[in-house]
């Protein structure tokens, strides 16, 4: 019977013991962070659908490092750095998540599927009823993108890397994934992971910022009764078609996302109940689940400990913080212009994490005044934020890709 060393038998422990100190600390820290994400998701502090699979994937991939042929270490999940036809084909036959990564993640397909599902949930009537206020707030909610881009360049990133990271300020996960794939494929894994980690924190973190910037008496403002007529389904479909064609004509680089989003809107409004059920449930939740799982697995310490990750972490939090501040500033502008009748908390919904920030706005207003309803206004800003984040990302890609 052959002699079996304990460390050869338990290779996860062996690779941990033999790892460089930085990798060892990183693996242990990421395992702990993964467990924390599961806990916060289960408690409802973070988005459970995304954070629970992401957290378990993150913890598991950093525990399950083993020895591979050639003296290398790795996992049996996926290899995001595989390049060349032969290497990719080999990984497709070995790593069980490699097909999802290769055929749905690294080409942006999963981002389009999520956008398609989100489109089925969007009632563009909220935007059409109050277009100018909604779009004004949405533009204000891109302040973080505008600040993070030049700041990233000053911190040593290239123009394309800084632009891809700055899109985190739009608080739109699929958009971050799609933009980073085009502009900065060499670091799109850490950009996307950082972006989604921070997006998961908006639900828990933004309420503190709102309470800091908006006093309770203003959070309690009840919006005047809405006397606008209801927007018909036909009008919403016309809006979706015109918006899709116009935006695709102006920014064809983001046309896959525009098509996915507005196709979802049209499915919702056209009465195609079978497609609506498919896209709003199985497709959206399935894509989001595997998006979270793949992102978690991509958080293997050897991959995520990129020299530029600290810069990405700083830029990400700056982008999301200033986007929220910009949205609230826009809310204050509308409050002053309306003579004190507009609730400035609605501005936080301009950060387009649909529908999280709209729910945050309503939750905070309800805490201050149980009879105040701002959700229709918040959803208008929220949906406009999705469109605006796509436009800002498309402008950055169009300008920098040609450069």
- Message: Taking the condition of being more than 19 Å from residue 196 (Cα to Cα) and either in contact (Cβ under 8 Å) with a residue 60 or more places away in the chain or in a loop (DSSP other than H, G, I, E, B) (or both), how many residues in the stretch 51-73 meet it?
- Response: 8
- Query: In this structure, is residue 79 part of a loop (DSSP other than H, G, I, E, B), surrounded by 14 or more Cβ atoms within 10 Å (Cβ to Cβ), modelled with pLDDT of 90 or more and touching a helix residue (DSSP H, G or I) at 6+ places or on another chain (Cβ under 9 Å)?
  - Reply: no
- Using the structure shown, decide if residue 233 is in contact with a helix residue (DSSP H, G or I) (Cβ under 7 Å, 6 or more places away or on another chain), over 21 Å from residue 172 (Cα atoms) and free of Cβ contacts under 8 Å to residues at least 40 places away in the same chain. yes
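Residues checked against (1) in a helix (DSSP H, G or I); (2) closer than 29 Å to residue 293 by Cα:
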| residue | (1), (2) |
| --- | --- |
| 167 | yes, yes |
| 174 | yes, yes |
| 197 | yes, yes |
| 200 | yes, yes |
| 203 | yes, yes |
| 209 | yes, no |
| 221 | no, no |
| 226 | no, no |
| 239 | yes, no |
- Scanning the stretch 271-304 for residues that are surrounded by fewer than 19 Cβ atoms within 10 Å (Cβ to Cβ) and farther than 22 Å from residue 96 by Cα gives 271, 272, 273, 274, 275, 276, 277, 278, 281
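The values are calculated or read from the model by the stated rules, or taken from the named source; none is laboratory data. Here the structure is a predicted model, which is why all the values come from computation and not from measurement. Quick reminder, even Gly has a Cβ in these numbers, built from the backbone with ideal geometry, and neighbours come from all protein chains shown.
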